[in-house]
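Enquirer: Before I ask anything, let me first share the structure, which is written out below as structure tokens.
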Amino acid sequence: MKGFRLDRLPGLAVLSAPLVWAVLFLFIPYLIIFTYSFWLKKYPTFIPAFQFGNYAQIFADPQYYQVLLRTGKIALMVTALSLLLAYPFAYFLVFKVKSSRVRSLLYMAVIAPLWVSYLLRAYIWKTILGSEGVLNSFLVWTGILSAPTDLLLYNQFSMVVTLTYIFIPFMVMPIFTALEKIPRNLVEAAGDLGVTPWGALAKVIWPLSLPGVIAGATFTFCLTFGDFIAPMLVGGPDGVMIANVITSQYGAALNWPLGSALAVVLLIIVLIIIELSDRLQRKDRIGLG
Amino acid sequence: MKPIIEIDHVSRIFGGRIVAVDDVRLDIAEGEFITLLGPSGCGKTTLLRMLAGFELPDRGAIRLDGQDVTHLPPYRRDVNMVFQDYALFPHLTIARNVAFGLERLRLERADITRKVDETLQLVGLADKADRMPHQLSGGQRQRVALARAIIRRPRVLLLDEPLSALDANLREAMQVELKHLHRKLGLTFVMVTHDQTEALVMSDRIVVMHNGRVAQAGTPSELYDRPASTYVANFVGTSNLLKGVVSDVSKSAITVDHAGFKFECPPLRSVAPGQHVIVGIRPEKLQITGLVNGVAPPANALDCEVEERHFHGNSIRLRCRLSSGEPLLCDQQLGTTGALKAAPAKGERIRLAADADSLALFTEDDRA
Amino acid sequence: MIQALNNTLFRRLGDGVFVTMIASILAFLYLPVIVLIVFSFNDSSSLTLPLSGFTWKWYQSVFANEDLLRALRNSFYVASLATVLTLVIGVPAAFALDRLNFPGKTLFRRLVLLPLVLPGIITGISMLNLFKLMGFSLSLETVIIGHATALLSVVVTQVFARLQRLSRSYEEAAADLGARPWETFFLVILPNIRSAMIGSALLSFTLSFDEIPVTFFLTGRDNTLPMYIWSTMRRGLTPEINAVGTLIIAASLVLIVLSVSLLKADDER
């Protein structure tokens, strides 16, 4: 639209810094990763090439594709557990808590941990679940266990618990927002028409809150999928995730081409999920009119 | 007199397809109160925004006081605007809002303060200077918007539907007030509205717009009494529009037949016998001359049956049907007590007549 | 009658479930935090129950720990500069996205917002590649650029959202009253997006202060606070970390209150 706009010169001035930044620190770096993913490792560094060996290795070597599968599995479990906890919570908050003061206070209570260090939140569970940890010592102290168990930490269970703890606010936020947008009279109308509370939940509230659920699930899944700190802190040998492998390729293994190829795979998976979720949410929105 | 604004064959096309303003030519005289009138989407707002500099014409030129301002940005034009949503800066006090335009001129602080005081006095808001916009009522905000726009004494004041956000009573009061202000300041006012009553009450001249073009420009009474097209006839006031065929053209009258009725219209148009035309009659110009009798109606008289009566307070509207099946509206003033009782009852068959002078004649081409 | 009884019973049961639900989620979220805080005052150097006694000594050792204090200063340096950069780049970017039309706008928007949804590790290694290629040695400054890039999206989304709600007619009114574009920007637009800017700056600061994935790849010999804590943590768990954690939580609380009251101020307008 050619209408009243800033003069061309100020427009350029406004745009130049962000544009240069985006090209230099976003576009080019992504391009470099993409390029490296086709290069060859040659001790001690790597050389330019154009070959698909790194990708072939990822999908042929069980060491790599199994990590991918495991990462997907853990991310799914975290997403499911978060949804299971977050949805009822958000539902009760929106539809059962009468006072709006109490509601926003409880909502803030769930969101607040986001502001508290991510690292601390992972660390806390290490101190709680460890064999020398709070929970074990509590169980031994109270006589429930005779000796500390190491079943609690350094496995997929501890990973799922910790990651759920870290990322659950991202699930609560969009669901809460979606539920709050549902007009009360719609729920009352359902009640008026003889629909039971459970029926209203299934037939009215759940479908209307779906965009929020999708958004929350996308956040939680993607964040978990790319995490490498929690696995390092609370994951054991069977808790290694894709980002950890990338880290080690860039670190000790010194195989940047393979690391880059893994990063490209991770990038593509995340982008596909975001695109899918975008479409689903859009479809839902259209469905609602 | 040299016009203050010349709009010279201006067109504005959105997205290369949608013609918002289509080859408009218009001169606006200094000191005039001119109104651009039309339904939404007729191009009136786009035209106003081009005068302000918010939109650039795709073709044509705009001259302000003889100077070409077509491509001048808004901040270099000596025009100011009252926005439809007022657009008062929410973070500034009323006084600072009003002072904004003067501060851009780098005037002396004391000078600005004095002028702001004067202007707020003028719009009756001297006591609200330190309030924030959201603390004022709609009508008060309207006055602030007005004060802010006139404080620079622009060559032209643009008003974009200035009264549309006000309720009916306030709107009427503000119409009068704006009119007073116009006279007092002697500025040129260009107003956009879709409200025909507002346009009729306030303007020296009205420009009716339709599909991006000027349908007709003229004084309110010209527009009302001599509409150039059926479109104008219907947009400004209400008109009964009856289709007919020209049966005779003479020096003194054009005779039109409509289903056995005869109209003798003033010879203001060139038409030929046999041509299909439309006759326009304002409902209030129809007089009841009596009940239908056996005698054939004379020229400019219509026989019809009253189907409904709508009481309007100072008048009554009769919804009638002609024997040809066409509906016909007729307004009767209720000036005297008992006039309501005297008005024809539902089902009565009455004869209505109009002066030849009050008839408008349109050709099929005028349908726009 | 029985129906009515059933209904009340159902509602009572529902209320019970509801209270339990909320209580258990809050417990899940806050018991660990309480554990963290409690052990920062516990006399024993092992993190086990039962508690052995009250002490301040972990806090004393925190404030005597030169490495930790240096890491803390580094974090302040990084987070402050990164936040300034996100604002300097992010506000014009949001403005351009909302108010300007230019070729490649869609690509620009996607690029700028990508780090919001991408795992930090991608930003980390992609910038590591760039810096290595350009021959930069890693330092706190490379970390700052990395954080600014990753957190740009935070400022852009917040400010963009605010700009979208800001009526265009304010800008038109300003221009109409003689304000040049830069005057319009500083006198009309900026004051109206101020709270969004401060809010996103606070968020940006907090996230930068806390950042690990990008820092992990981009830092040289200097450590930021989270990197320092992390490296100590991998060596072993000490109540000293609990003390640092408690201090961080206290600081976070202040920030939360600050940002909430800012948002409120915005709502009231």
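Enquirer: What residues of region C:203-218 lie in the reach of a label at C:V84, counting those whose backbone N is under 17 Å from a point 7 Å from the Cα along Cα→Cβ?
Expert: Once the point is set 7 Å along Cα→Cβ of C:V84, C:204-206, C:208-209 turn out to lie under 17 Å by backbone N, inside region C:203-218.
Enquirer: Would you compute, from DSSP H runs of 4+ residues alone, the mean residue ellipticity of chain C at 222 nm, taking -39500 (n - 2.57) per run and dividing by the full residue count, rounded to the nearest 500?
Expert: Here the helix-only value at 222 nm equals -26500 deg cm²/dmol.
Enquirer: Starting at the first residue of region B:288-293, write each ³J(HN,Hα) from the Karplus equation 6.51 cos²θ - 1.76 cosθ + 1.60 with θ = phi - 60°, in whole Hz, x for Gly and Pro.
Expert: So the J values, rounded to whole Hz, are 7, 9, x, 8, 5, 10.
Enquirer: Starting from the Cα of B:V249, step 7 Å toward the Cβ, then list every residue of region B:275-296 with an amide N under 15 Å from that point.
Expert: B:275-278, by backbone N distance to the label point.
Enquirer: Report ³J(HN,Hα) in whole Hz for each residue of region B:124-134, in order, from the Karplus equation J = 6.51 cos²θ - 1.76 cosθ + 1.60 where θ = phi - 60°; Gly and Pro get x.
Expert: Calculated HN-Hα couplings, in order: x, 10, 4, 7, 9, 3, 9, 6, 9, x, 6 Hz.
Enquirer: Could you rank the peptides A:117-128, A:68-79 by their average count of other C-beta atoms within 10 Å per residue, with the highest value first?
Expert: Highest to lowest by the protection proxy: A:117-128, A:68-79.
Enquirer: Could you rank A:L193, C:L114, C:L51, C:L128 by how accessible they are, 1.4 Å probe, largest area first?
Expert: Correct descending sequence by accessible area is A:L193, C:L51, C:L114, C:L128.
Enquirer: Could I ask something else about it? At a 1.4 Å probe radius, carbon and sulfur cover how many percent of the accessible area of the protein assembly as shown?
Expert: The nonpolar share, carbon plus sulfur, comes to 61 percent.
Enquirer: Tell me which lysines have Cα within less than 24 Å of A:K98's Cα, excluding those fewer than 8 residues away on the same chain?
Expert: Once the sequence-local lysines are set aside, what remains near A:K98 is A:K181, A:K203, C:K264.
Enquirer: Let me confirm one metric for peptide C:28-35, namely the mean number of other chain beta-carbon atoms within 10 Å of its residues' beta-carbons.
Expert: 6
Enquirer: With a Förster radius of 22 Å, plug the Cβ-Cβ distance of A:W198 and C:S24 into 1/(1 + (r/R0)^6) and report the FRET value to the nearest 0.05.
Expert: Approximately 0.55, to the nearest 0.05.
Enquirer: Over all distinct alpha-carbon pairs, what is the Kirkwood Rh of region A:199-289 in angstrom?
Expert: After inverting the pairwise mean of 1/r, the radius is 15.4 Å.
Enquirer: How large is the direction-averaged shadow of the alpha-carbon convex hull of region C:169-213, in nm²?
Expert: Computed as one quarter of the Cα hull surface, the answer is 4.1 nm².
Enquirer: A follow-up question, please. For chain A, what is the mean residue ellipticity at 222 nm derived from helices alone (per DSSP H run of n ≥ 4: -39500 (n - 2.57); sum divided by total residues; nearest 500 deg cm²/dmol)?
Expert: That comes out to -23000 deg cm²/dmol.
Enquirer: Let me ask you something else. Counting helices only, and only those DSSP H runs with n ≥ 4, report the 222 nm mean residue ellipticity of chain B as the sum of -39,500 (n - 2.57) divided by its residues, in deg cm²/dmol to the nearest 500.
Expert: Result for chain B, helices only: -7000 deg cm²/dmol.
Enquirer: Here is a follow-up. Near B:K285, which lysines are there with a Cα under 20 Å away, not counting those fewer than 8 places off in the same chain?
Expert: In chain and number order, the partners are B:K243, B:K262.
Enquirer: By how many degrees, between 0 and 90 and to the nearest 10, does the Cα long axis of helix B:138-150 differ from the longest principal axis of chain B?
Expert: Taking the Cα atoms of chain B, the angle to B:138-150 is about 70 degrees.
Enquirer: Another question, then. For B:H180, tell me the accessible area in Å² from a 1.4 Å probe, rounded to the nearest 10.
Expert: 100 Å²
Enquirer: Order A:E188, B:E103, most accessible first, counting only protein heavy atoms with a 1.4 angstrom probe.
Expert: A:E188, B:E103
Enquirer: Could you give me D for region B:5-233, from Stokes-Einstein at 4 °C and 1.567 mPa s, where the hydrodynamic radius is the Kirkwood radius over C-alpha pairs? Units µm² s⁻¹, please.
Expert: D, rounded to a whole number, is 71 µm²/s.
Enquirer: Once the Cβ-Cβ distance between B:D78 and A:S100 is put in as r, and R0 is 41 Å, what FRET efficiency do you end up with, to the nearest 0.05?
Expert: 0.20
Enquirer: Still on this model: So how do A:137-146, B:17-26 stack up, highest first, on mean other-Cβ count within 10 Å?
Expert: Ranking, from highest mean packing down: B:17-26, A:137-146.
Enquirer: Counting heavy atoms of the protein chains only and a 1.4 Å probe, report the per residue accessible area for chain C as a whole number of Å².
Expert: Value returned for chain C: 45 Å² of accessible area per residue.
Enquirer: Which value, in square angstrom to the nearest 100, describes the accessible area buried between chains B and C on both sides, using a 1.4 angstrom probe?
Expert: 1900 Å²
Enquirer: Quick one: among C:T206, C:T157, C:T232, which has the greatest mean-square fluctuation in a GNM of chain C with alpha-carbon springs under 10 angstrom?
Expert: C:T232
Enquirer: In terms of solvent-accessible area of protein heavy atoms at a 1.4 angstrom probe, what is the ranking of C:D222, B:D160, highest value first?
Expert: These residues rank, largest area first, as C:D222, B:D160.
Enquirer: State which helices in chain C qualify, where a helix is a whole DSSP H run, it must extend 27 Å or more along its own axis by its Cα atoms, and its mean Kyte-Doolittle hydropathy must be at least 1.0.
Expert: TM-like helix candidates: C:2-40, C:140-165, C:239-268.
Enquirer: Would you kindly state how much longer the chain becomes between B:T337 and B:D195 on full extension, computed as 0.36 nm times their sequence separation minus their alpha carbon distance, in nm to one decimal?
Expert: Difference between extended and current length: 47.9 nm.
Enquirer: Excluding ligands, DNA and RNA, what is the accessible area buried between chains A and C, summed over both sides, using a 1.4 Å probe, to the nearest 100 Å²?
Expert: Summing both sides, the interface buries roughly 7300 Å².
Enquirer: What accessible area per residue, rounded to a whole number of Å², is obtained for region B:238-366 using a probe radius of 1.4 Å?
Expert: 51 Å²
Enquirer: If you don't mind, another one. Pull up all non-local amide H partners of B:I5: gap of 5 or more, or a different chain, and H-to-H distance under 5 Å with H placed in the peptide plane.
Expert: Counting only residues 5 or more places away or on other chains, the set is B:I28, B:D65.
Enquirer: If you take the Cα atoms of region A:53-288, find Rg, then find the Kirkwood Rh from the mean of 1/r over all pairs, what is Rg/Rh?
Expert: Dividing the radius of gyration by the Kirkwood radius yields 1.05.
Enquirer: Also: Would you kindly compute the Cα radius of gyration of the protein assembly as shown and its largest Cα-Cα separation (Dmax), both in Å?
Expert: Both quantities, over Cα of the protein assembly as shown: 37.7, 123 Å.
Enquirer: Helix hunt in chain A: which complete DSSP H runs extend at least 20 Å axially by C-alpha with mean Kyte-Doolittle at least -0.5?
Expert: A:8-22, A:62-95, A:156-181, A:206-225, A:256-288
Enquirer: In addition: Holding the Cα-Cα limit at 18 Å, pick out from A:K126/C:K57; A:K41/C:K132; B:K44/B:K179; B:K2/B:K179 the pairs that are longer than that.
Expert: A:K126/C:K57; B:K44/B:K179; B:K2/B:K179
Enquirer: Which FRET efficiency value, to the nearest 0.05, do you get for B:R63 and C:S231 by plugging their Cβ-Cβ distance into 1/(1 + (r/R0)^6) with R0 = 60 Å?
Expert: It comes out at approximately 0.25.
Enquirer: Reported to two decimal places, what Rg/Rh ratio describes region A:11-62 when computed on Cα atoms with Rh from the Kirkwood expression?
Expert: Taking Rg over the Kirkwood Rh, I get 1.25.
Enquirer: Continuing with the same structure: Which value in nm describes the separation of the simple spin-label points at C:Y77 and B:L241, placed 7 Å from the Cα toward the beta carbon?
Expert: Label at C:Y77, label at B:L241, 8.0 nm between them.
Enquirer: Where does region B:169-254 land on the Kirkwood hydrodynamic radius, alpha-carbon pairs, in angstrom?
Expert: By the Kirkwood definition, the hydrodynamic radius is 15.1 Å.
Enquirer: So, one more: Among C:A173, C:A23, C:A94, which one moves the most in a GNM of chain C with springs linking Cα atoms closer than 10 Å?
Expert: C:A23
Enquirer: Under a plain spin-label model, where a point goes 7 Å from the Cα along Cα-to-Cβ, how far apart in nm are B:A29 and C:F102?
Expert: Each label point is offset 7 Å from its Cα along the Cβ direction, giving 5.0 nm.
Enquirer: Still on this model: In nanometres, what is the gap between the two model label sites at A:L276 and A:L145, each 7 Å from Cα along Cα-to-Cβ?
Expert: Each label point lies 7 Å from its Cα, and together they span 3.7 nm.
Enquirer: Moving to a separate point now. Run through every distinct alpha carbon pair of region C:57-268 and return the Kirkwood hydrodynamic radius in angstroms, one decimal place.
Expert: One decimal place: 19.0 Å for the Kirkwood radius.
Enquirer: Using protein chains only and a probe of 1.4 angstrom, how many square angstrom of C:V33 are accessible, to the nearest 10?
Expert: C:V33 exposes around 30 Å² with every protein chain in place.
Enquirer: Need one value: the accessible area of B:H134 in square angstrom, 1.4 angstrom probe, rounded to the nearest 10.
Expert: 110 Å²
Enquirer: Can you list the residues, at least 5 places off or on another chain, whose amide H is less than 5 Å from the amide H of B:M81, using H built in the peptide plane?
Expert: B:L158
The values are calculated or read from the model by the stated rules, or taken from the named source; none is laboratory data. Everything numeric in this text was worked out from a predicted model, so none of it was measured. Neighbour counts are summed over all protein chains in view; Cβ atoms, including those assigned to glycine, are modelled from backbone coordinates with ideal geometry. Side chains included, ligands, DNA and RNA excluded: accessible areas come from the protein's heavy atoms. Shrake-Rupley method; radii C 1.70, N 1.55, O 1.52, S 1.80 Å.
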